[in-house]
Each structure stands twice: as structure tokens, then as C-alpha cells.
Amino acid sequence: MMEYRKEEILLKAEKINLFFGEKQVLRDIDLCIKNIVRPGVTQGQVVSLLGRSGIGKTQLFRILSGLQKPTSGTVTGIDNKPIMQGDMGVVFQNYYLFEWRTIRQSLELAAKKNPQLKPTDIKDQIDQQAQLFNLTEHLNKYPQQLSGGQRQRASIIQQLLNGSNFLLLDEPFSGLDVIMLEKVVELLLKVSLSDELKTLILVSHDIETSVALADTTFILAQEDGKPGATIIKEVDLCERELAWEKDVKNKKEFANTVQEIKALL
Ligand SMILES: Nc1ncnc2c1ncn2[C@@H]1O[C@H](COP(=O)(O)OP(=O)(O)OP(=O)(O)O)[C@@H](O)[C@H]1O
């Protein structure tokens, strides 16, 4: 049994409701992400938010990242401080980059916003990250000269250089071939292992990949006869010994958990 403790609250959403006119999209969402600590291991948290297409994942994503205000409810971070726009690094589905800037220029701009980075260290940081994510030879190119996977990696580095501890990724596995999917999973693991307070929140409908990568999975779905989507279940993958395991997909409990989640969606 792997030893771990859940410590302080990193992010808390309480009683989130979202309406578009009369239509309720989200109902009474409560969600809490805690710092998971394992003795002798540096690692962050990986949380996935799963739900059917159209259920409200993107809306919840926008609320958690401070991009959108809910109709009611609050999102707070460490020490109960409200989450503001800019507190979180957001990697959108289309890997938003400045089309008229080279990748290096975009990364420099992001790094300059990071109060923890000295201006004299920026170049080294960019070079290090680019090397880690196989982008060195693409730094002087424009986004339209990159492949989808390269854009995605550049977009992730851009958010890492910003310095925010939270990285929200919208559908990071969609449209990838098998090889690229493996690389992205590897890359996200690398990011999560880089710092204790780094928290990745993945919004996805890819159940297998999300469960393989995450330590906690929240299921967003509609309850019978009630309007709007809510968190119907929090699956603690640490407790099921499915977190931080290399060949987790071969475990019986993995298949059981995937089946259990499929039945809920
Ligand atoms: N501006 C808007 N006005 C009215 N309804 C909206 C608006 N934006 C989204 N919706 C509705 O909110 C619901 C949730 O949408 P959302 O994009 O969050 O779903 P999703 O789970 O992310 O879907 P997908 O996996 O297909 O991207 C949908 O029914 C959608 O039609």
C-alpha cells in the first residue's frame, strides 16, 4: 500500500450554479482539490473532470479558471482567497498562441509575467523547457509552422513559464494519434512531478487516459429528474491504488473503475 497524506486545500468550488437565461447548466457543484503528499516524493496533483459531450465541462472549466462568473457560488484557492482571472494557466483546445510572434517571443512574454523569474534567467529557462519538451529547433518559428502536437507543447510551456501552480487543460487528448497521446501523457506526468504544488486539471471525455493519469477523477453528470449537471461522484484513485502506478492499465481494478465510470456517464 502506497503511503500518502492529503493536506491543505488548494482549490475549492462551493455551491456553483450556472444558468443561461432559464436554462440551468450547472447545479450545486462542490469540488475540493487537496495537496497530496507522499513521503520522499516530489509531485503535484492530477485531477480529471469527466463527463459526456455537452454536459457542461467547458463551462465548469471556465468558472474554475476565473474566466467566467457563475450565477452563484464561489471558487477559492489556498487560504480561502478567491481565484482571479490569471491565477491559472489555461491550455485551450486550440492551443492558443500569438500567431504573429515566434514561439520564443511568446514564451518570453509569458516568462516576463512570472514574478519568480529574474529577467536574467528567462533565456535559460526557455531553453531548458524547450529542450525538455523537444521544441528547441522550433523556437524561432511561428505557430502556423508547427504541428498540432508541437503547438500543444509550446502552449503548455507558455503556461508553465507564467508561473501559476494550476494548469487547466481542455481536452488535451483529443485528436491525437496513439504515439502523440503517449507523449502527451508522459509530458503531463513530467509537469506534475516538477513541483509539489503544481496541480493539473484535465477536462476530458477520454475515460481510460484520464483515469490512468489522474489521482482523483470527478464525474459530471445529470441526476434523474433534476436540471443541470452536478458532480455525481469523486473517484479517489489513490485509495484504489491506481495513482502513480506505471502499468496501471493492466490492473484489474483499472478495468473495473473504467467500467464503473462508463456506467455513470
Ligand atoms: N452562451 C451560451 N448560451 C446558452 N447555452 C450555452 C452557452 N454556452 C454553452 N451553453 C450550453 O451549456 C451546455 C454545456 O456546454 P459545455 O460547452 O460546457 O459542454 P461540454 O461538456 O464542454 O461539451 P463538449 O465535451 O462537447 O465540449 C450545453 O448544453 C451548451 O449548449
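The values are calculated or read from the model by the stated rules, or taken from the named source; none is laboratory data. Because the structure is a prediction, the values reported are computed rather than measured. When we count neighbours, we look across all protein chains shown, and the Cβ atoms used for this are built from the backbone with ideal geometry, even at glycine.
What are the residues in region 23-45 that are under 18 Å from THR76 (Cα atoms), touching a helix residue (DSSP H, G or I) at 6+ places or on another chain (Cβ under 9 Å) and aliphatic (A, V, I, L, M), if any?
Correct list: LEU26, ILE29, LEU31.
Could you go through region 198-210 and let me know if any residue there is touching a Lys or Arg at 6+ places or on another chain (Cβ under 6 Å) and more than 16 Å from the ligand (Cβ to nearest atom).
No, that holds for no residue.
All but one of (1) under 13 Å from the mean Cα position of the chain (by Cα); (2) away from the ligand (no atom under 15 Å from the Cβ) hold for LEU168; state the number of the condition that does not hold.
(2)
Looking at LEU187, is it under 23 Å from GLN131 (Cβ atoms) and away from the ligand (no atom under 16 Å from the Cβ)?
Yes: the conditions hold for LEU187.
Quick test for you: out of ARG5, ARG38, ARG52, ARG27, pick the one residue that is at pLDDT below 95, at negative phi and within 16 Å of the ligand (Cβ to nearest atom).
Sole residue among the options that is at pLDDT below 95, at negative phi and within 16 Å of the ligand (Cβ to nearest atom): ARG52.
Can you list the helices (runs of 4 or more DSSP H) lying wholly within region 132-231 that have 3 or more residues being without any contact (Cβ under 8 Å) to a residue 12 or more places away in the chain and over 30 Å from PHE20 (Cβ atoms)?
178-192
Taking region 59-80, which residues are within 16 Å of the ligand (Cβ to nearest atom), polar (S, T, N, Q) and within 18 Å of PRO227 (Cβ to Cβ)?
GLN59, THR71
Considering only region 41-63, how many residues are touching a Phe, Trp or Tyr at 6+ places or on another chain (Cβ under 8 Å) and under 17 Å from VAL258 (Cα atoms)?
The number of residues fulfilling the criteria is 4.
Could you list, ordered by first residue, the pairs with Cβ atoms under 9 Å in which the first is in region 246-257 and touching a residue at least 24 places away in the same chain (Cβ under 8 Å) and the second is hydroxyl-bearing (Ser, Thr, Tyr) and surrounded by 12 or more Cβ atoms within 10 Å (Cβ to Cβ), at least 6 apart or interchain?
Final answer for the pair search is THR257/THR217.
Could you say which residue among LEU237, LEU188 is buried (at least 16 other Cβ atoms within 10 Å of the Cβ), under 30 Å from SER147 (Cβ atoms) and either modelled with pLDDT of 95 or more or touching a strand residue (DSSP E or B) at 6+ places or on another chain (Cβ under 8 Å) (or both)?
After ruling out the rest, the residue left standing is LEU188.
Identify all residues within region 8-24 that are more than 16 Å from the ligand (Cβ to nearest atom) and of a type in the set (Phe, Trp, Tyr); write none if there are none.
If the condition is that a residue be more than 16 Å from the ligand (Cβ to nearest atom) and of a type in the set (Phe, Trp, Tyr), then no residue fits.
What single numbered condition from (1) among the hydrophobic types (A, V, I, L, M, F, W, C); (2) touching a residue at least 40 places away in the same chain (Cβ under 8 Å); (3) within 19 Å of VAL235 (Cα to Cα) fails to hold for CYS32?
So CYS32 meets the others, but not (2).
Kindly evaluate GLY66 against the criterion of being of a type outside the set (Val, Ile, Thr) and either touching a residue at least 24 places away in the same chain (Cβ under 8 Å) or over 22 Å from LEU161 (Cβ atoms) (or both).
The answer is no for GLY66.
Do we find a residue being over 24 Å from THR209 (Cα atoms) and out of contact with any Lys or Arg (no Cβ under 7 Å at 6 or more places or on another chain) anywhere in region 34-46?
yes
Of the conditions (1) under 19 Å from LEU169 (Cβ atoms); (2) within 16 Å of the ligand (Cβ to nearest atom), GLN43 fails just one. Which one is it?
Result: GLN43 fails condition (2) only.
I'd like to check something: does region 113-124 contain any residue that is within 16 Å of the ligand (Cβ to nearest atom) and either part of a loop (DSSP other than H, G, I, E, B) or surrounded by fewer than 17 Cβ atoms within 10 Å (Cβ to Cβ) (or both)?
Start the filter on region 113-124 by keeping residues that are within 16 Å of the ligand (Cβ to nearest atom), which leaves none.
Checked region 113-124: no residue is within 16 Å of the ligand (Cβ to nearest atom) and either part of a loop (DSSP other than H, G, I, E, B) or surrounded by fewer than 17 Cβ atoms within 10 Å (Cβ to Cβ) (or both).
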